[in-house]
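The structure appears right after this line, and notes come after that.
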Amino acid sequence: MRIERSLAVALLGAAGLLLAAPAPARAADTVEASLILNWIAGGDHAPYYYAKQEGWYEAAGLDLDIEQGKGSQLAAQRVGIGSNELGLADMGVVLIAKGEGAEVVAIMNVYANTPQGFYWLKSSGIEGPKDFPGKKIGNPPGDAARAMFPAFAQAVGIEADSVQWINVQANAKLSALKAGSIDVTTSFYNIHHIFQAQLGDDMGFVSWAEVGVNPYGNSLIANAEFLEENPEAVRAFVEVTQKAFAHCVEEPEACVAALVAANTGLKQDNELQNWELVTELMSNEHSRTVGLGHFEEARMTDDYALVDQYFEIKNPFEVESAYTNEFIDTSIKMPD
């Protein structure tokens, strides 16, 4: 699926004034907040840096600090204890963390589709997941893809214990695949272009979403106490961020340029490809018809059941307490 860059007229009407006008003076009652990312900054984080560069957060009364992350688990934990007021983390990880006592509430979805995917070499004889039995799948120990593989296996009609898992660090997966020490590996779709560049026409790929295993991916979260005490600050954060994501779908080059300017070592072309893939992960029927960033109740219920089945939520809770759509502007949608 390829996302068109032009946004719907309704989106432009709702967001146009904020996006086109210069940032007004800083609000008198400014709230300080820090946003911890799920990982080190990359193309998928461009909207936060663009909105900060343009002064949109400041104009909305937020003094926002963006902090590099080291995984969704750390982000959920730090937001849960209030070390960071806001964060970005995989929704499944958020549900696990909440079951362990983290005081978090998801306030906006970013990845409407799971970024999880499998990669292999066609020259190995593998044509698809039906050929995975007896093969070696390499990824880091403790990786979510391992724990949830039984759900994938059931969806494609193979036995969950029919594959051999090999411990491979994240930055060695591609080289291990090319060297033949593993037959299959896992990766997030927003770096699909890197696999494609390295493997070319020999690249085999299947996304989890294609086979019907599609839990929500990265989502924005807030510390529950901060949310209760500063609802308008959270509202402002979501409002600006939602419009920033919409703007970056329409004007990706400028947004990625802001990311690159703020983070030494990033390259415009590479992060632009990353961002283009992110727009695919952001788009599904719900985000196109109901609202960009809006959580679907039935999917959240299903995700809770899926996570509980494969990770066992330590202290069960009502899934409705883990997220809110209160701050989402439903006039802002992903384009068709």
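Given the options Ala155, Ala144, name the one that is in the same structural domain as Ser124 (by TED's automatic domain parsing), within 26 Å of Ala322 (Cβ to Cβ) and buried (at least 18 other Cβ atoms within 10 Å of the Cβ).
Values: Ala155 fails: buried (at least 18 other Cβ atoms within 10 Å of the Cβ).
Answer to the selection: Ala144.
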Against the conditions (1) without any contact (Cβ under 8 Å) to a residue 24 or more places away in the chain; (2) under 18 Å from Ile328 (Cβ atoms); (3) of a type outside the set (Val, Ile, Thr), where does Ala244 fall short? Just the number, please.
(1)
Is there a residue in region 131-148 that is at positive phi and more than 28 Å from the chain's Cα centre (by Cα)?
yes
Looking at Ala10, Ala25, Ala14, which is the one that is in a loop (DSSP other than H, G, I, E, B) and at pLDDT below 95?
Ala25
Pro150 vs. criteria part of a helix (DSSP H, G or I) and either more than 30 Å from Ile313 (Cα to Cα) or modelled with pLDDT under 95 (or both):
yes
Working only within region 163-206, note down all residues that are within 17 Å of Pro141 (Cα to Cα) and of a type in the set (Val, Ile, Thr).
Val163, Ile166, Val168, Ile182, Val184, Thr185, Thr186
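Out of all the residues in region 61-79, is one or more of a type in the set (Val, Ile, Thr) and buried (at least 18 other Cβ atoms within 10 Å of the Cβ)? Before the answer, list the steps.
Step one: list which residues in region 61-79 are of a type in the set (Val, Ile, Thr), which gives 66, 79.
Checking which are buried (at least 18 other Cβ atoms within 10 Å of the Cβ) leaves us with 66, 79.
Yes, some residue in region 61-79 is of a type in the set (Val, Ile, Thr) and buried (at least 18 other Cβ atoms within 10 Å of the Cβ).
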Taking the conditions exactly as written (buried (at least 24 other Cβ atoms within 10 Å of the Cβ), closer than 25 Å to Lys243 by Cα and at pLDDT below 95), does Asp44 satisfy them or not?
no
Tally, over region 28-41, of residues that are in contact with a helix residue (DSSP H, G or I) (Cβ under 8 Å, 6 or more places away or on another chain), more than 22 Å from Gln273 (Cα to Cα) and at pLDDT 95 or above
4
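Output yes when any residue across region 271-284 is closer than 24 Å to Pro335 by Cβ and free of Cβ contacts under 8 Å to residues at least 12 places away in the same chain, and no when none is. I'd like the intermediate steps shown before the answer.
At the first step, the residues of region 271-284 found to be closer than 24 Å to Pro335 by Cβ are 271-284.
Narrowing further to those that are free of Cβ contacts under 8 Å to residues at least 12 places away in the same chain: none.
No, every residue in region 271-284 fails to be closer than 24 Å to Pro335 by Cβ and free of Cβ contacts under 8 Å to residues at least 12 places away in the same chain.
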Give me the residue from region 174-217 that is assigned to a strand (DSSP E or B) and aromatic (Phe, Trp, Tyr) and, out of that set, surrounded by the fewest Cβ atoms within 10 Å (Cβ to Cβ).
Phe205
Name the helices (runs of 4 or more DSSP H) wholly inside region 218-336 in which the number of residues that are basic (Lys, Arg) and at pLDDT 95 or above is 2 or more.
231-250
For Met300, the lone unmet condition from (1) closer than 30 Å to Glu225 by Cβ; (2) surrounded by fewer than 17 Cβ atoms within 10 Å (Cβ to Cβ) is (2)
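The values are calculated or read from the model by the stated rules, or taken from the named source; none is laboratory data. Only a predicted model underlies this, so the values are computations on that prediction, with no experimental measurement involved. With ideal geometry, Cβ positions are generated from the backbone for all residues, glycine too; neighbour counts draw on all protein chains shown.
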